[in-house]
Amino acid sequence: MLDLSSLGIGGGSLMMFGMLLVLLVTGMPLAFVTILVALIFALGWFGTMAVPIVTTRIYSFIMQYVFVSVPMFVLMASLLDRSGIARDLFDAMRLVAGRIRGGVGVQTLLVAVILAAMSGIIGGEIVLLGLLALPQMLRLGYDRKLAIGIVCAGGALGTMIPPSIVLIIFGLSANVSIGELFTASFVPGIMLASLYAGYILLTGYLQPHKAPVPTETDTRPLAERLVLLKGLILPLMVVIFVLGSIYGGIASVTEASAIGVIGVMLSIILRGEMSWTLLSDAALQTLRTCGMIVWIGVGATALIGVYNLMGGIKFIEQLLLGVSDNRLVVLIVMMLILTVLGMFLDWVGIALLTVPIFVPIVVELGYDPIWFGVLFSLNMQISFLSPPFGPAAFYLKSVAPPEISLGTIFVSLLPFIGLQVLALALVITFPEIALWYR
C-alpha cells in the first residue's frame with residue numbers, strides 16, 4: 001500500500017486539494033469525491049485502523065438532534081412550492097406597492113422576506129418569484145435587468161433570514177447555538193433587504209424609465225381589495241409561530257421546525273388545497289434535497305476527520321495566521337477564500353469543508369463564532385449570485401422567458417452582488433449589527 005505520510009502535511013495537503021479538484025472537474029458529485037479522497041488518505045496515511053475513527057465521526061455528525069430540523073424546513077419549502085399560499089401572498093402585497101415608483105419591486109422584496117422567514121430555502125423562492133413577480137414587472141415596463149436582479153437577490157434572502165438552512169448547517173459544523181445564529185442574522189438580513197429596497201427606489205428616482213409607476217388603476221371597491229389581505233394572515237401566522245417560539249424560548253429550533261410544518265399543512269388544508277399528490281410530491285422533493293445534504297455531510301465530515309488526524313487543520317491554522325499580524329487581514333483572506341469557493345462549489349460542501357477549519361482560527365483571533373456565522377451566511381449570499389455557477393441564475397433561467405439568456409441574468413446580478421459586498425463590509429466593520437442582542 002502506498003505510504004502517503006511520507007509526503008508530509010504540506011505535500012499531503014497539496015495532493016489532497018489537487019485530487020479533489022481533478023475529480024470535481026470530471027463531473028463526479030462532491031459527496032462521492034470527498035468520500036473517495038477521505039478513504040484514499042485514511043488508508044494511505046494511517047492504514048486500516050483509521051477507518052473506524054472516520055465512521056465514528058460521521059455517525060456523531062448525523063446523529064445530532066438539531067439535524068432533524070433540516071428535513072422539516074425543507075418540507076415546509078416543498079409544501080409552499082406546491083400550494084397557492086405564495087400566489088395569494090403576492091396578490092395581497094400588491095396593496096403595498098400603490099403609486100410609488102419602484103413600488104412593485106419593493107413589494108416583491110417584501111414577499112421574498114416573508115417566504116424566507118417561512119422556509120429558509122432559496123431555490124423554491126426564486127422559482128416562485130420568477131413565475132409570479134418577473135412577468136408582472138416586465139409587463140409594467142420595468143427595466144429587464146432590474147427586474148431579474150430583484151427576483152434573484154430577493155429569492156436568495158433565505159440564506160440570511162431565519163430559519164435559514166445555511167445557518168443550521170453552520171451551527172452543526174461549528175458546534176454553536178443555532179438559536180443565537182438566528183437571532184444574530186435577523187438584523188443583517190433585514191439590513192440587506194433594505195439595501196436592495198433603497199437601490200430600487202433610488203433607481204426609480206434617478207432613472208424613472210427603469211421603474212415606472214403603474215399606469216393602470218385598480219377599479220375594484222375598497223372592501224374587495226381589502227379581502228386580498230387575508231392572503232397575508234396564514235403566512236404571517238406561520239412566521240410568528242416559528243420564529244416567536246424560537247426567540248421566546250418556548251421551543252428549540254428542531255421543535256419550531258415541526259411547528260412550522262404543521263402550520264403550513266393546516267394552512268393548505270384550510271385553503272382546500274391538500275391532496276395526496278401534493279403531499280407525496282413535497283415528500284419526494286424533501287427526500288431528494290435532504291439526501292443530497294446528508295451525502296455531502298458524510299463525505300465532508302469524513303474528509304475533514306481524516307485531514308484533522310493528519311494534522312492538516314493545525315497546518316492551515318498556522319498558514320492563515322502567518323499571513324499577517326493584523327487579525328482583520330486574516331479574516332478578509334478567509335472571506336476571499338469563501339468567495340472563490342462559492343463560485344465553484346455548493347454551499348453545503350463549503351460549510352462542511354471550511355467551517356471546522358475556520359472557526360477555531362476565528363476563536364483564536366478573538367472573534368465571536370456567532371458573528372462569523374453571520375459573515376459566512378452573507379458570503380454564501382454572494383455565492384448564490386456569483387458567476388459562473390451561481391445557482392440563483394440557473395433557478396431563474398428554468399422559469400424565465402426564452403429571450404432572457406443566462407448571460408443577461410448574471411450581468412443583471414452585478415449591482416446586487418455589490419450591495420451584498422457592502423452589507424458584508426458593514427457587518428465586519430460594525431459587529432454590533434449582528435451582536436445587537438447582547
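Worth a mention:
- When peptides 155-168, 7-20, 266-279 are ranked by their average number of other Cβ atoms within 10 Å per residue, the highest-first order is 155-168, 7-20, 266-279.
- The overall shape of the stretch 29-81, judged from the alpha-carbon gyration tensor, is oblate: a/c is not under 1.5, and a/b is no greater than b/c.
- Both radii were evaluated on the Cα set of the chain; the Rg over Rh quotient, with Rh as the Kirkwood radius, amounts to 0.99.
- Seen against the Cα atoms of the chain and their longest principal axis, helix 165-174 is set at about 20 degrees.
- Using alpha carbons only: equivalent-ellipsoid semi-axes of the stretch 93-202, gyration tensor based, whole Å: 28, 13, 10
- Relative contact order %, the chain, counting alpha carbon pairs below 8 Å whose residues are six or more apart: 25 percent
- Mean Cβ neighbour count within 10 Å, used as a protection proxy, ranking 233-243, 104-114 highest first: 104-114, 233-243
- Prolate/oblate/rounded call for the stretch 1-55, Cα gyration tensor, a/c under 1.5 rounded: oblate
- Accessible area per residue for the chain, computed on protein heavy atoms with a 1.4 Å probe, is 42 Å².
- Spatial separation of Cα centroids for the stretch 22-47 and the stretch 109-169, in angstrom: 35 Å
- Hits among aspartates and glutamates - C-alpha to C-alpha of Lys210 under 18 Å, sequence gap 8 or more where chains match: Asp143
- Axis angle, to the nearest 10 degrees, between helix 253-270 and the longest C-alpha principal axis of the chain: 30 degrees.
- Prolate is the label for the stretch 308-438. Its Cα gyration tensor axes, ordered a ≥ b ≥ c, give a/c of at least 1.5 and a/b above b/c.
- Build a GNM of the chain with springs between Cα atoms under 10 Å apart, and of Ala300, Ala351, Ala92 the one that fluctuates most is Ala92.
- Gain in span if fully extended, Glu364 to Leu422, counting 0.36 nm per residue against the direct Cα distance: 18.3 nm
- Cα radius of gyration and Dmax for the stretch 36-141 (Å): 22.4, 70
- Helix-derived mean residue ellipticity, 222 nm - over the chain, DSSP H n ≥ 4, -39500 (n - 2.57), to 500: -25000 deg cm²/dmol
- 0 to 90° range, to nearest 10: angle between helix 178-206 axis and the chain longest Cα axis: 50 degrees
The values are calculated or read from the model by the stated rules, or taken from the named source; none is laboratory data. Predicted model, so just to flag it, every value in this text is computed and none were measured. Cβ sites come from the backbone with ideal geometry, for glycine too, and all protein chains shown count toward neighbours. Just the protein is used for accessible areas: all its heavy atoms, side chains included, with ligands, DNA and RNA removed. Shrake-Rupley method; radii C 1.70, N 1.55, O 1.52, S 1.80 Å.
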